[in-house]
Amino acid sequence: MSEQALAHHFDTIEEQKEASSLGMWVFLVTEVMFFGGVFTAYAIYRHDYFNAFAAASHHLDIALGGINTAVLLTSSLTMVLAVNAAASGSRKALLGFLALTAVLGCVFLGIKAIEYGHKFEDGLFPGPGFRFEGPLARNAELFYIFYFSMTGLHALHMVIGVGLLAWLLALSRRGTFRPGYYTPVEVVGLYWHFVDVIWIFLFPILYLVGRHHGP
Amino acid sequence: MTTRLELSPPPQHYLNWSYTARSWLLSTDHKRIGILYLLSITFFFFIGGAFAVLIRLELMTPAGDLVHSETYNRLFTAHGVIMIFFFLIPSIPAVLGNFLIPLMIGARDLAFPKLNLLSWYIFLAGAAFTMAAVFSGGVDTGWTFYAPYSSVYSNSAVMLTGIGVFITGFSSILTGLNFIVTIHTLRAPGLTWFRLPLFVWAHYATSLIMVLGTPVLAITVALLALERLFGVGVFDPRIGGDPILFQHLFWFYSHPAVYIMILPGMGVVSEIVACFSRKRVFGYSAIALASLAIAVLGFLVWGHHMFVSGQSAYASNIFSILSFLVAIPSAIKVFNWTATFYRGSIAYDTPMLYAFGFIGLFTMGGLTGLFLATLAVDVHVHDTYFIVAHFHYIMVGGMVMAYMGGLHFWWPKITGRMYPEGWAKFAALVIFIGFNLTFFPQFVLGYLGMPRRYHVYPDEFQVLNVMSSAGASILGVGYLIPMIYFVWSIRHAPVASSNPWRAAGLEWQTPSPPPADNFPETPVVETEAYPYSEMEVEVVDV
Amino acid sequence: MWENFPLFPEAASTAASRVDRLFFFILIVCAFFTLLIFTLVFTFAIRYRRRSPSERPRPISGSLRLEIVWSLVPLAIAMVIFAWGSRLYVALARPPAEALHIFVVGKQWMWKFQHIEGQREINELHVPVGKPVRLTMSSEDVIHSLFVPAFRVKTDVLPGRYTRMWFEATKPGTYHLFCAEYCGTSHSEMRGRVVVMEPARFQEWLGGGRAGESLEARGAQLFAQLGCASCHEPAPGARGPSLVGLFGKTVELQGGGSVTADETYLRESIVNPQAKIVSGFQPIMPTYAGQVSEEGLLQLVVYIMSLEEKAARK
């Protein structure tokens, strides 16, 4: 049975698992560099235009953002539970937790969509339709470019993550995973946690700019 | 150590087990994927080369009489974008690295064969977008895409090109990822890190850069594309953006990118030098560690492209001193290769001629980097033909020569045929002469003050430009000759044995061409990478 | 060298000969190492050429001592070159205090030079020989770069910021001036000449005709026109900080931090006043971006700079 899952160029299933894990970690490093570029640019401008960025950030919905943070953190929990279920061979639990993780991911995306909708209505989308009261408008638009780029990129990664979960669900239903082989679940888990970690950084640096100074 | 030499190819090997298009286009065999890349990048080399010919034709006269300025600007941009992203960066890794790394480490394939195939399709997709941009009118920003010209002012296909480059970057990332995991997990029993061929070390270092640097290019291009799309962006001074930020982000990748281009070439040279001196490479550990040092230091010097950009003198000083440091590991390698020749048994086969050419021209090109790392001198030569000459010496005099050397060295392994040695030596000589005639005058032009990307120029620069263009025509002929005889050799050249060079290395222990699964059984390694002094060759007539 | 076939550029500034000297030093280092490697490779390749196919050279693995020597010697040479280049660069970065101040605006595809007395030139820059000249430059559109090969100077010219460069011409004559940062269609035609004249002739040229008002005077007019004085009165309780004696001083900013009031700060405060609010003042200054041209901004900056001198003279 093990031989089915073992690719022809690997000698043992352990070798294959080691390679898959290392491969996902290397990929996540590339993602760190990818997001790192835009985080660095954001950090520079936030330092240069702190007042404008703080004013712009105050228009973000901290409640929705907070809820989304909780949703994503919970989804990471359910993902870990899914990996656990795969390791212990409980197919039903695995299916349940994978589905729950995917649902939570969709909830996150749904709330994000609502937030984006509000921002469009308020005229906070960068471009010709941008409106912002007060003298800080110029640099506030810069803030919103970062807001939409960074959360947009993150959302794109979430969509891919949900797609990966759907793929895992399909494989699980066919009974592909068992205690001796569940590497794809682990590896997608790594990816999911990473996307969560990106949000953990995004939330405070975008939503909580200057909040401790009071409203 | 005894190595088997089989005189004839096996009845079934990776090339002939199936001739269907499907078996090629859906192949996950690293050797077939290497061939697919070989065909693609050769195609792009000649397109990029055609643009170079047009550029040099125009530059024969001071006036802009061959093409309009808009066209000229699109020509040099296309030349740069195509040569860098669709030839230089993939070349050795995607062709020779893909083909040889599993063989060199005794594996049956790379760690992720399907990702390998995907990387080729991604490469093609990126190329499709870029070619669409080039042939639908072109892009005129220079391959460096500086904002705000590229983000706001240019009326050319910046978005399309940006998308193309963005997509192609993922091809590079996947290749690097594959190599790193492969080298870590699939080495044959007994093959410790310090028994690896230096080609593998070079590709490991290259892969580190590919994986760490390319994503930064991706995000930079993405931000640029967003600015272009929405009419406002993070590099726009009108909302407080900083065009210099674009330069920092861009060069953060594009400087290490040049090490992506040259490190694999250095790996090829190490293999050739060892084989055709019949000696282990002098200072193996030094070269292996120097490769890693280049990869690390290469990430710390990007600001040397920005000495006159308005960057602070403090930052410029730091980048200058680091740039001098990054030259040292390359110097170490050149000294070690030279020392390998000492008391060797030197043969003059074509691969070795290309290795000699590399050592000479890379040394010259690398040394001219000293002028550029020097703050006060760079102020004068920045953005002039001195820079153009510098990077062509390293990329064409260095990298392309290494690539040609590698192609010739491993041609019998890849195709099972020998190339014609006489023609090959002749072509190598033509290339060497044509190259120097093309690019040496450009150093003089640069110090004289001729800026780069100039469509028209003052009269007094004409003689040197004509010399350069004359050289380019010779160089062009030089590249055509191997094109012809390589294609000819596939059917008509003598069949090669499994190890015509009596070279060390696991790739020479399998038949030429190798069977689909590389090795009938996984080899066990008990010696260093270059056991030439103990090698016994057992000839087998199968 | 020969008129039609020069191989080396003329050296026409105080910096040029110094840069050339360093250039020749590096050239000698390069030539030395090139010859060394070429000779060694050539000699070894011939001396140790393969004489029989079964030759088996003795394996030599390496030599730590050699590695150290050929790492440290190049490193030492590199550090000498670095130090020399850095010293020269720093020396060339700072214009002498008495330098003649000329303002430059680059735009696609021409150079506009503005002498402080009011003389304006397009694509041609007249300067006196033997006197340091400093240029304060900005761009109206994309990044350009002002390059005078004979002087060995080059600095990028940026939108939204001022960059600076200086030189002292040593030989009367006419020299090429190029744009050295690709800026679009007519980049290679964005060229001009630097005309270096004897001081007497230069004074003549300055005085001759088309001068018009000085930058400072124009700046004063704009300042009044735009109503800047209504907030920027040098009086206590004014809505905006006083500008008298401001240029070159350190300004304390709201929220901590400080900045030197240089040309770029002054320019930024006009087009993006919210970027840096002076400590103790409200963020109420409107932006003048789009209302004032690049040249107008230059005039205002020069006017504000002149307020410093008046304060000093008081």
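The values are calculated or read from the model by the stated rules, or taken from the named source; none is laboratory data. As the structure is a prediction and not an experimental result, all values here were calculated from the model. When we count neighbours, we look across all protein chains shown, and the Cβ atoms used for this are built from the backbone with ideal geometry, even at glycine. Accessible surface areas use protein heavy atoms only, side chains included; no ligands, DNA or RNA. Shrake-Rupley method; radii C 1.70, N 1.55, O 1.52, S 1.80 Å.
In this structure, the residue pairs whose Cα-Cα separation is over 29 Å, taken from A:Lys112/C:Lys276; B:Lys333/C:Lys154; A:Lys17/B:Lys31; A:Lys119/C:Lys276, are A:Lys112/C:Lys276; B:Lys333/C:Lys154. Amide H contacts of C:His126 (H built 1.01 Å from N, in plane; Pro and chain starts excluded): C:Val195 sit under 5 Å, all sequence-distant by 5 or more or on other chains.
For segment B:494-542, what does the alpha-carbon gyration tensor say about shape, rounded, prolate or oblate, given a ≥ b ≥ c as the root eigenvalues, a/c under 1.5 as rounded, and a/b over b/c as prolate?
Values: a/c = 1.99, a/b = 1.20, b/c = 1.65.
Verdict is oblate for segment B:494-542.
Within the listed set C:Gly280, C:Gly219, C:Gly130, the residue fluctuating most in the Gaussian network model of chain C (springs between alpha-carbon atoms under 10 angstrom) is C:Gly280. For B:Tyr14, nonlocal amide neighbours, meaning residues 5 or more places apart or on other chains whose placed amide H falls under 5 Å from its own, are B:Ala516. Chains B and C together bury some 7600 Å² of accessible area, summed over both sides, with a 1.4 Å probe. Taking the Kirkwood radius as Rh and the Cα radius of gyration as Rg, segment B:195-252 has a ratio of Rg/Rh equal to 1.26. B:Trp193 sits among other residues whose Cβ lies under 14 Å from its own Cβ, and their net charge, with Lys and Arg +1 and Asp and Glu -1, is +1. For chain B, the dipole from Cβ point charges (+1 on Lys and Arg, -1 on Asp and Glu) about the Cα centre works out to 460 debye, to the nearest 20.
For chain B, the longest principal axis of the Cα atoms and the long axis of helix B:113-135 meet at an angle of about 30 degrees. Computed from phi, the 3J(HN,Hα) profile of segment B:260-267 under the Karplus parametrisation 6.51, -1.76, 1.60 (θ = phi - 60°) reads 4, 6, 8, 4, x, x, 5, x Hz, with x in place of Gly and Pro. Going by a ≥ b ≥ c, the root eigenvalues of the Cα gyration tensor, does the protein assembly as shown fall in the rounded group (a/c under 1.5), the prolate group (a/b larger than b/c) or the oblate group? In terms of gyration-tensor shape, oblate.
For the residues C:Ala150, C:Ala238, C:Ala11, a GNM of chain C with alpha-carbon springs under 10 Å puts the largest fluctuation on C:Ala238. Dipole orientation for segment C:1-75: of the candidates C:Pro74, C:Cys30, C:Phe8, C:Pro74 has the Cα lying most toward the positive pole (charges on Cβ; Lys, Arg +1; Asp, Glu -1). Each residue of segment B:68-74 was assigned a 3J(HN,Hα) from its phi angle through the Karplus curve 6.51 cos²θ - 1.76 cosθ + 1.60 (θ = phi - 60°); the sequence is 6, 4, 4, 5, 4, 5, 6 Hz, with glycine and proline shown as x. Secondary structure note: in segment C:80-144, about 55% of the DSSP beta bridges are antiparallel. What you get for segment C:100-207, charging only the Cβ of Lys and Arg (+1) and of Asp and Glu (-1), is a dipole of about 220 debye around the Cα centre.
At a probe radius of 1.4 angstrom, the accessible area of segment C:100-207 per residue rounds to 29 square angstrom. Computed with a 1.4 Å probe on the full set of protein chains, the accessible area for C:Trp205 sits at about 40 Å². Highest GNM mean-square fluctuation among A:Ala87, A:Ala41, A:Ala54, for chain A modelled with Cα contacts below 10 Å: A:Ala41.
Using the Cβ-Cβ distance between C:Lys171 and A:Ile44 with R0 set to 45 Å, the FRET efficiency works out to roughly 0.55. Of the residues making up segment C:8-23, those losing 30 Å² or more of accessible area when the isolated chain is joined by the remaining protein chains, with a 1.4 Å probe, are C:Pro9, C:Val19, C:Phe23.
Segment B:331-376 has equivalent-ellipsoid semi-axes of 27, 12, 5 Å, by the square roots of 5 times the alpha carbon gyration tensor eigenvalues, sorted largest first.
Note on segment C:177-247: with charges restricted to the Cβ of Lys and Arg (+1) and Asp and Glu (-1), its dipole about the Cα centre is near 80 debye. Once the partner protein chains are put back, segment B:331-355 shows a loss of at least 50 square angstrom of accessible area, versus the chain by itself, at B:Phe335, B:Thr338, B:Tyr342, B:Arg343, B:Ser345, B:Ile346, B:Tyr348 (probe 1.4 Å, ligands and nucleic acids excluded). Remark: relative contact order (chain A) = 33 percent; criterion is Cα-Cα distance under 8 angstrom and separation of 6 or more residues. For segment B:34-49, 3J(HN,Hα) computed residue by residue from phi via the Karplus equation (6.51, -1.76, 1.60; θ = phi - 60°) reads x, 5, 4, 5, 4, 5, 5, 6, 5, 4, 5, 4, 6, 5, x, x Hz, glycine and proline entered as x. Across segment C:138-209, the mean sequence separation of Cα contacts (distance under 8 Å, 6 or more residues apart), normalised by length, yields a relative contact order of 29 percent.
The distance linking segment B:22-61 with segment B:474-542 is 23 Å (Cα centroid to Cα centroid, whole angstrom).
Got the relative contact order for segment B:28-534 handy, in percent, Cα pairs under 8 Å and 6 or more residues apart? Value for segment B:28-534: 18 percent. Placing unit charges on the Cβ atoms of the charged side chains and taking the dipole of the protein assembly as shown about its Cα centre, the candidate lying farthest along the positive direction among B:Ser171, B:His79, B:Phe99 is B:Phe99. When segment A:17-213 is described by a simple charge dipole with +1 on each Lys and Arg Cβ and -1 on each Asp and Glu Cβ, the residue from A:Ala82, A:Pro135, A:Thr30 located farthest towards its positive end is A:Ala82. The residues of segment B:134-161 listed by number as losing at least 30 Å² of accessible area in the complex, against the isolated chain and with a 1.4 Å probe, are B:Tyr146, B:Pro148, B:Tyr149, B:Tyr153.
Surface composition of segment C:223-313: carbon plus sulfur atoms hold 54% of the accessible area, using a 1.4 angstrom probe and ignoring ligands, DNA and RNA.
Extension gain for the segment B:Trp193 to B:Leu229, taken as residue separation times 0.36 nm less the Cα-Cα distance, is 8.2 nm to one decimal. For segment C:223-313, the equivalent ellipsoid derived from the Cα gyration tensor has semi-axes of 18, 16, 14 Å, listed largest first. Take chain B with all the other protein chains still there, run a 1.4 Å probe, and you get 29 Å² of accessible area per residue.
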